[in-house]
1. Condition (residue is of a type in the set (K, R), in a helix (DSSP H, G or I), surrounded by fewer than 23 Cβ atoms within 10 Å (Cβ to Cβ) and at negative phi) applied to segment 288-302: is it met by at least one residue?
2. Tell me, which helices (runs of 4 or more DSSP H) lie completely within segment 564-678 with 1 or more residues that are among the β-branched types (V, I, T)?
3. Mind checking whether some residue in segment 278-286 is buried (at least 21 other Cβ atoms within 10 Å of the Cβ), under 25 Å from G624 (Cα atoms) and touching a Phe, Trp or Tyr at 6+ places or on another chain (Cβ under 6 Å)?
4. Does T563 satisfy being among the hydroxyl-bearing types (S, T, Y) and either touching a residue at least 24 places away in the same chain (Cβ under 8 Å) or crowded, with 19+ Cβ neighbours inside 10 Å (or both)?
5. If I ask for residues that are at pLDDT 95 or above and farther than 21 Å from K523 by Cβ, which ones from segment 440-485 would you list?
6. Please pick out the residue among E362, E396, E407 that is modelled with pLDDT of 95 or more, in contact with a His (Cβ under 6 Å, 6 or more places away or on another chain) and of a type in the set (D, E).
7. Based on what the data block shows, is N489 within 25 Å of the chain's Cα centre (by Cα), more than 22 Å from S377 (Cβ to Cβ) and among the polar types (S, T, N, Q)?
8. With respect to N511, is the statement that it is surrounded by 15 or more Cβ atoms within 10 Å (Cβ to Cβ), out of contact with any helix residue (DSSP H, G or I) (no Cβ under 9 Å at 6 or more places or on another chain), modelled with pLDDT of 95 or more and on the phi > 0 side of the Ramachandran plot true?
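The values are calculated or read from the model by the stated rules, or taken from the named source; none is laboratory data. Source: prediction; values computed, not measured. Cβ placement follows ideal geometry from the backbone for every residue including glycine, while neighbour counts extend to all protein chains displayed.
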Amino acid sequence: MKMKLFFLLITCFAVRTNAQDPWKMKAEKIDPNNYYGVTVANGIIGVVSSPQPFKVKNVVLAGAYDTYGRGRVSNFLNGFNLLNMYLEIDGIRLDERNTQQLQQELDMHHASFTTQLLYGKKAAVKYTYYALRHLPFSVLMDVTIIAKEDVSITAASIMETPEALRDVQNYYNEIDRPHVTLSLLTSTAKSPTGKLQLCASNSFLFTEQHGNEPKIIHEMWDNNSHLMKFSKTLKAGESYTYSVIGSTISSAQHADPLNEAERMTIFAKLEGRDRLIKFHNAAWDELWKSDITIEGDPQAQQDVHSMLYHLTSFSRSGTSYSLSPMGLSGLGYNGHIFWDTDIWMFPALLVLHPEIAKSLIEYRFERLGQAEKNAFSHGYKGAMYPWESADSGVEETPVWALSGPFEHHISADVALAAWNYYCVTQDKTWLREKGWPILSQTADFWASRVERDGLNQYDIKNVVAADEWAENVDNNAFTNAAAKVNLHNANSAALILGIPLNKDWELVEKNIPILKFDNGVTKEHASYNGEGIKQADVNLLAYPLNIIRAKDQIEKDLAYYETRIPEEGTPAMTHAIFALLYARTGNQNKAYSFFKEAYEPNLNPPFRVIAETKGGTNPYFATGAGGILQSVLMGFGGLEISDKGIVQIHSSLPGNWKSLKISGVGMDKRTYIINQKN
């Protein structure tokens, strides 16, 4: 039986998985010099893969910020790397030089990452790690070794401290209980300024009964790493499995993170491997009840699953955490929160996972007070949200970027997310307690922000546009339109709640201009003269603002601005909006072309992870994934968020798609099926 298991594993190594499997992305030929890691995450912990055997690149912990490095502003922190290990066979430590047939696989359905390799004629090794979905601060790694010859093994779990952390303290404890020994490898450290305490702890899980478990030895290497290890002999054909269970948390989440990290590790260890995986898989099965199924385009199906997987894995319900452009895949953009969340990632989550979307808007609500202070300091009323936000809600944009003091559309973006959350949930209690404060305070901001330059002329001057190459311009199309929508929705909320309508909001809304060229094309801003643009601006007035509804105007604006996008340097979202609008206006060919253009040139090996731009090297760009998912949901799928909830409008599928099924939509988890029209 043991030999059969060995040959089964070897056979699995040799079989080539379909590159277009809807749920699994496999790398069979790995080039360490051209490798972009993929993330396993649970909304709190992100574990990024490495091309090196027995390593992970880094561990990102949500909510952990401190001031260091770039820009004198808060930066994301790497957490303790608690899943690195080493394995020695007959005294030789395995690495990329002495192992063969290294293969890696991301299982998106159950959020696990598996590596397999061979060590000559002596052994086959397979290990899988999880960021446990049901335990937000815990991770699990399974390791299986199959001996082809009689061998002796030494396996170690290594706890490594990231470079930015200081005042490291390392501990090793053994707690004896009648049926188990709890061996805890623990580390704690301070963030660069001492603001936060970060802690991690892990332990081995063995398959043997207590008393027959291997003896664990602790070794202290230096202040930044220590390890625990055990040794064992295996007979030829014998299979041996052990696991590492670990937890990591910071003082941003718990007042006593050191003890809590150990408590959570003990809890997870005594739950046991099988129960941990069972509950983890069940949590992901529940999440995937909301899904997108494409018939007729296997590669698009796999890619859309990857986008859904990443957005879902980077976020979770029951928190007040939001999403940075790179999610939990690394330290890109300092882990800050931009309009990327409210306009690009939030809508797809709101349609498929309203309970997760609630966490994202809760993040904004909790920082409303700081937005009010920001407005005050700029001489305005109401609430002015910062362009870049981190843990406290103060402006976190580095001073060299003019978007901090001038990209004011962010306040309207936050307000749109709040209004859309109410529209989908129809939760009047939430609207009164949290939605209304956001909507009313941002409306007050715009009423004070406009310059009342005469009858019917209320200008918004000196802003950075949504097209960020346009700095310090007047009457930007997106900013003005978003402000109008903000003011309108605030009065709509007042009507629902029985609050008197604000006549000044109504007056301001009607008098903010949307400029046009003589030929009828919507003009991006007052001084715009046809130059290249960084990203969609005018076209966002048709979606998501829905302030331009006439098909001929949408098409006219599309035809003009799609020629203003340069080949390089533009973010993935622009082409996604073009795809969405062309799908809605019935141009299938252009819609599909822009859909593919939105992400395929941005993919990096070996797991098709999306970068921000063509040829970019900063994956995973969750913002782009959010935009592309909207092109599928709201473009090809025709879903629309209305004041009555989610409705479906006319749309068209790409010619090669036989059907599109969107399941688990909204609060009542409806299913929409769109078939190809013959």
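1. No: segment 288-302 contains no residue that is of a type in the set (K, R), in a helix (DSSP H, G or I), surrounded by fewer than 23 Cβ atoms within 10 Å (Cβ to Cβ) and at negative phi.
2. Details: elements: 573-585, 588-597, 622-630.
Result: 573-585, 622-630.
3. Going through segment 278-286, the residues buried (at least 21 other Cβ atoms within 10 Å of the Cβ) turn out to be 280, 284.
If we keep only those that are under 25 Å from G624 (Cα atoms) as well, we get 284.
In the following step, the residues that additionally are touching a Phe, Trp or Tyr at 6+ places or on another chain (Cβ under 6 Å) were identified as none.
No, because not a single residue in segment 278-286 is buried (at least 21 other Cβ atoms within 10 Å of the Cβ), under 25 Å from G624 (Cα atoms) and touching a Phe, Trp or Tyr at 6+ places or on another chain (Cβ under 6 Å).
4. Judged against the criteria, T563 is not a match.
5. S440, Q441, T442, A443, D444, F445, A447, S448, R452 - these are the residues of segment 440-485 that are at pLDDT 95 or above and farther than 21 Å from K523 by Cβ.
6. E396
7. When the stated conditions are applied, N489 does not pass them.
8. Details: surrounded by 15 or more Cβ atoms within 10 Å (Cβ to Cβ): yes; out of contact with any helix residue (DSSP H, G or I) (no Cβ under 9 Å at 6 or more places or on another chain): yes; modelled with pLDDT of 95 or more: yes; on the phi > 0 side of the Ramachandran plot: no.
No.
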